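Step one of this worksheet: look at the structure below.
The values are calculated or read from the model by the stated rules, or taken from the named source; none is laboratory data. Computed from a prediction, not measured in an experiment: that's the story for all the values here. Note that we place each Cβ from the backbone using ideal geometry, even for glycine, and neighbour counts take in every protein chain shown.
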Amino acid sequence: MTIGIHDISAATGSLVFALADLAEHEGIDVGKYHRGIGQTEMSLTAEDEDIVTMAARAAAPIIERHGTEGLRTVIFATESGIDQSKAASVFLHRLLGLPRAVRVVEVKEACYSATAAIQFALGIVARRADERVLVIASDVARYELNSSGEATQGAGAVAMLISENPAVLEIEPVSGVWTDDVWDFWRPNDRSTALVDGRYSVQVYLESLEGAWNDYRAHGGADFSSFARVCYHQPFTRMAVKGQQRLARIADPDGESTDIDRLADTVEYNSRIGNSYTASIYLAFLSLLDNGPDLSAERIGFFSYGSGAVGEFFGGVLVPGYKSQLRTEELQNMLAARRPIGYDEYRHRHIAYDRVGDFETADETHGDVRFAGVEQHKRLYEAR
Ligand code: HMG
């Protein structure tokens, strides 16, 4: 029995801000952003968008193609939750028109939790092969204005259907895992922006990669040289380069895996969307599928990292014919349709983000579902 990703689809915010604009206003060389961290743009959410609307936009094409047969679980991974109690997937359940006989839940561990969600989904399908699980990763990444993380903000969602006999990726059973209680990045309950010890976070990411890789090998994981590509969590795309260099040094010192050109197809979307936290590594995967050569039957590695901190390394094999399952044009059109905003509007929106009390939102999103506002502390969503 093979289990893995049967379908995958993504969405992003309806607005875009160019890092060239940010650099100009900061009076710094844009090379620091374009080459130094490997980012050109960041996606931002419109006033009537959030993690739920992006998730609905990502998941709707999957439900449209496969229906709801066998779908009994939705796992929503996020670290930018919109309620301390009610799972974001409850809102999504209604917006997607899912049947009552579906369990839904939200999971959290910084950027890592979509990988945990996939592992849980694999377990459900291994126990009941007739069931399918919808895994959602959706986040809005926000840092304070004028902070080191500001240039790495972004917004995006990826939806994946996990099933038996998958059409895209067969996930192999071996995983390497790593956890340590550290303060590299966190967001206390009273803040909508994250706090970060930036340089330290880079160091912990790399330690976690090494730890997860060693655990993967200790549990019978494949040789590094057998991976056609590795998809890394990309808080900014240069981080993938640092990851590949570290892994090649410890796992394949004499091989060709240090060749960072092999990462090029995995960074295309993230360099234009920015950090999408839980969705970031799966956007890297989708970027490879959409923009890379046909890698049918090749092994792909995944390194998932969440600050705090948890890391996991696992592999999967691309199913021959996977290219026919993709919606490349749709995502590229969505990226092209984002409305560019200038520096003043960007800052204004950043400050206005934390609205409290009751309010109505302006009609701005390009998606079919919108966040209409808050009434008596209840978030309202509507389909167009
Ligand atoms: P910084 O400290 O301002 O930047 O921000 P820097 O001075 O380290 O420069 C960055 C790179 O640009 C350097 O290259 C410079 O040399 C280069 P490196 O030494 O790294 O190879 N550079 C230039 N290159 C070309 N032309 C130029 C130029 N100027 C400089 N003119 C920092 C960097 C990572 C600290 C910042 O972006 C930050 O705080 N980011 C947020 C935290 C983060 O993304 N951490 C990553 C690991 S933690 C993680 O992945 C988890 C996370 O996703 C959250 C979660 O799990 O939920 C964040």
(request) May I ask you to verify whether Ser192 is farther than 19 Å from Glu312 by Cβ, in contact with a helix residue (DSSP H, G or I) (Cβ under 9 Å, 6 or more places away or on another chain) and modelled with pLDDT under 95? (result) no
(request) Being in contact with a Ser or Thr (Cβ under 8 Å, 6 or more places away or on another chain) and either within 16 Å of the ligand (Cβ to nearest atom) or part of a loop (DSSP other than H, G, I, E, B) (or both) is the filter; apply it to the stretch 1-16 and report the residue that is farthest from Ile82 (Cα to Cα). (result) Ser14
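May I ask you to say which residue of Ser43, Ser85 is hydroxyl-bearing (Ser, Thr, Tyr) and touching a helix residue (DSSP H, G or I) at 6+ places or on another chain (Cβ under 9 Å)?
Details: Ser85 fails: touching a helix residue (DSSP H, G or I) at 6+ places or on another chain (Cβ under 9 Å).
The unique qualifying residue is Ser43.
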(request) Kindly indicate which of Tyr200, Tyr205 is assigned to a helix (DSSP H, G or I), of a type outside the set (A, V, I, L, M, F, W, C), within 16 Å of the ligand (Cβ to nearest atom) and under 27 Å from Val317 (Cβ atoms). (result) Tyr205
(request) Looking only at the stretch 25-42, decide whether some residue is away from the ligand (no atom under 15 Å from the Cβ), closer than 20 Å to Asp363 by Cβ and modelled with pLDDT of 95 or more. (result) no
(message) Being at pLDDT 95 or above and under 12 Å from the mean Cα position of the chain (by Cα) narrows it down to one residue among Ser280, Ser307; which is it?
(response) Ser280
(request) May I ask you to say which residue of Ile341, Ile351 is touching a residue at least 40 places away in the same chain (Cβ under 8 Å), of a type outside the set (Phe, Trp, Tyr), in contact with a strand residue (DSSP E or B) (Cβ under 8 Å, 6 or more places away or on another chain) and outside the structural domain of Gly243 (by TED's automatic domain parsing)? (result) Ile341
(request) Determine which member of the set Val230, Val241, Val267 is assigned by TED's automatic domain parsing to the domain that holds Gly308, within 16 Å of the ligand (Cβ to nearest atom) and touching a strand residue (DSSP E or B) at 6+ places or on another chain (Cβ under 6 Å). (result) Val230
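Listed here are the residues, each with its yes/no results for (1) closer than 20 Å to Ser280 by Cβ; (2) surrounded by fewer than 14 Cβ atoms within 10 Å (Cβ to Cβ); (3) modelled with pLDDT of 95 or more.
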{"residue": "Phe303", "(1), (2), (3)": "yes, no, yes"}
{"residue": "Gly321", "(1), (2), (3)": "no, yes, yes"}
{"residue": "Asn333", "(1), (2), (3)": "no, yes, yes"}
{"residue": "Ala337", "(1), (2), (3)": "no, yes, yes"}
{"residue": "Val369", "(1), (2), (3)": "no, no, yes"}
(request) Residue by residue through the stretch 301-348, note down the ones that are in a strand (DSSP E or B) and within 16 Å of the ligand (Cβ to nearest atom). (result) Phe302, Phe303, Ser304, Tyr305, Gly306, Val310, Gly311, Glu312, Phe313
(message) Taking the conditions exactly as written (buried (at least 21 other Cβ atoms within 10 Å of the Cβ) and of a type outside the set (Gly, Ala, Ser)), does Val177 satisfy them or not?
(response) no
(message) Among (1) within 30 Å of Ala101 (Cα to Cα); (2) assigned to a strand (DSSP E or B), there is one condition Val177 misses while meeting the rest; what is its number?
(response) (1)
(request) Name, by its number, the condition in (1) more than 16 Å from the ligand (Cβ to nearest atom); (2) in a loop (DSSP other than H, G, I, E, B); (3) crowded, with 23+ Cβ neighbours inside 10 Å that does not hold for Asp254. (result) (3)
(message) Looking at the stretch 139-154, I want the residues that are of a type in the set (S, T, N, Q) and have a partner that is within 8 Å of the ligand (Cβ to nearest atom) and assigned to a loop (DSSP other than H, G, I, E, B) with Cβ atoms under 8 Å, at least 6 apart or on another chain. Which pairs are those?
(response) Thr152/Pro235; Thr152/Phe236; Thr152/Asn275; Gln153/Asn275
(request) Please work out if Ile51 is within 16 Å of the ligand (Cβ to nearest atom) and of a type in the set (Val, Ile, Thr). (result) yes
(message) Just to be sure I understand, how many residues within the stretch 270-300 are surrounded by 24 or more Cβ atoms within 10 Å (Cβ to Cβ) and either assigned by TED's automatic domain parsing to the domain that holds Gln153 or not in a helix (DSSP H, G or I) (or both)?
(response) 3
(message) For the stretch 32-45, check the following and say yes or no: at least one residue is touching a residue at least 12 places away in the same chain (Cβ under 8 Å), farther than 17 Å from Thr278 by Cβ, in a helix (DSSP H, G or I) and among the hydroxyl-bearing types (Ser, Thr, Tyr).
(response) yes
